[in-house]
Amino acid sequence: MWLPGVLVAGAAALVAWGIQALVPAIPLLTAAVVLGIIVAQLPAARRPLTGVLAPGLSVASKRFMRIGVVLLGLKLSLIDIAGLGWVTIATTVAIVAITFAGTYALGRWFALPGHQPLLIATGFSICGASAIGAMSGVVKAKDEETATPVALVTLCGTLAIGVLPALWHPLGLDTLQFGHWVGAGVHDVGQVVATAQIAGSAALAVAIVVKLTRVLMLAPVVAIASVVEHRRTLAVSLTGATDAGRKRLPIVPLFVAGFIVAVLVRTLVPLSEPVLQAADVVQTALLAMALFGLGSAVRLATLVRTGWRALVVGLLSWALIAMLALGAVQLS
């Protein structure tokens, strides 16, 4: 029965919204993840989380995440992205590619288990916990493999909200350059908004468009991962190693195709502001519920025992993307 878990996730999303209303500097999605992590540490909550609430939280963290990612495409207009100019677009794509490859290599070098290197690389290079959730569904990652990357990207993104504004003037950046730096170097869309709004509306506008350019990379990265997983599964099925290997996976996940369609609709179809606002509310609510579900799988005791290597990888990845983004600002 999935209803109890979904209702709890919905209530948590409302609480996260209330937290943001009281403290606007805290992004709603970050609040949802942190709330899930906090609840997961409460002794009284552990049995319900792994029992009666588990089916609904699984629905939220997987299915709601995919629907939310599709609706995220309605934020992306290719016309707005083209307005950045080819230099900014090229450097933004390069930042995603280098951060992804570098973080994945670091994860393998530090011998992180399972899909953790892939999930950390996806989250830090593209769009935080939302990207991790999308990728984990494609590669069938276990909850314990997903929990550490979600905790890390939330931690580092929250640190960025305080650290980047403190470096704004010492680095000699003007308002638009700061917005560009934030959009290219901060993980989650909400964290980008919380960081860039300090410099005013002009910086915020630049930051959002640059950030959404990174979000656009979610489709090809997840599609490539899906193709690799499809071929691996097919190879297993051909050897007859497992019955599970005989299940055919779609080469491109439906939610990735839906995301691309949503981007094209946003670009080609004149949607009214009320429609876009309604889609944004639904998308934010679904992602908040999904991220609460992901956060509720985090066990800090496990992270303390085994997560120091992942923490080093996360901090190095955070520093890498911040430096690459700063270099891109200087180039453009």
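The values are calculated or read from the model by the stated rules, or taken from the named source; none is laboratory data. No experiment lies behind these values; they were computed from the predicted model shown. Positions of Cβ are generated from backbone atoms using ideal geometry, with glycine treated the same way; all protein chains shown enter the neighbour counts.
When the criteria are applied in full, LEU72 meets the requirement of being touching a residue at least 12 places away in the same chain (Cβ under 8 Å), crowded, with 18+ Cβ neighbours inside 10 Å and not small (Gly, Ala, Ser). Note on the stretch 1-75: enclosed helices (runs of 4 or more DSSP H) holding 1 or more residues that are aromatic (Phe, Trp, Tyr), modelled with pLDDT of 90 or more and touching a helix residue (DSSP H, G or I) at 6+ places or on another chain (Cβ under 8 Å) are 3-22. Residues of the stretch 101-110 include at least one that is modelled with pLDDT of 90 or more and outside any helix (DSSP H, G or I). On the stretch given as the stretch 180-206, residues that are within 20 Å of SER317 (Cα to Cα) and among the small types (Gly, Ala, Ser) total 4. Scan the stretch 299-307 and tell me whether some residue there is surrounded by fewer than 18 Cβ atoms within 10 Å (Cβ to Cβ), of a type in the set (Gly, Ala, Ser) and either outside any loop (DSSP other than H, G, I, E, B) or modelled with pLDDT of 95 or more (or both). Yes, the conditions are met somewhere in the stretch 299-307. Restricting the first residue to the stretch 267-286 and requiring it to be more than 24 Å from LYS62 (Cα to Cα), which pairs with a second residue that is assigned to a helix (DSSP H, G or I) and at pLDDT below 95 meet a Cβ separation below 7 Å and a spacing of at least six or different chains? Taking only residues 6 or more apart or on different chains, the pairs are THR267/LEU78; THR267/ILE79. Taken over the stretch 75-103, the criterion of being aromatic (Phe, Trp, Tyr) and surrounded by 21 or more Cβ atoms within 10 Å (Cβ to Cβ) is satisfied by PHE100 alone.
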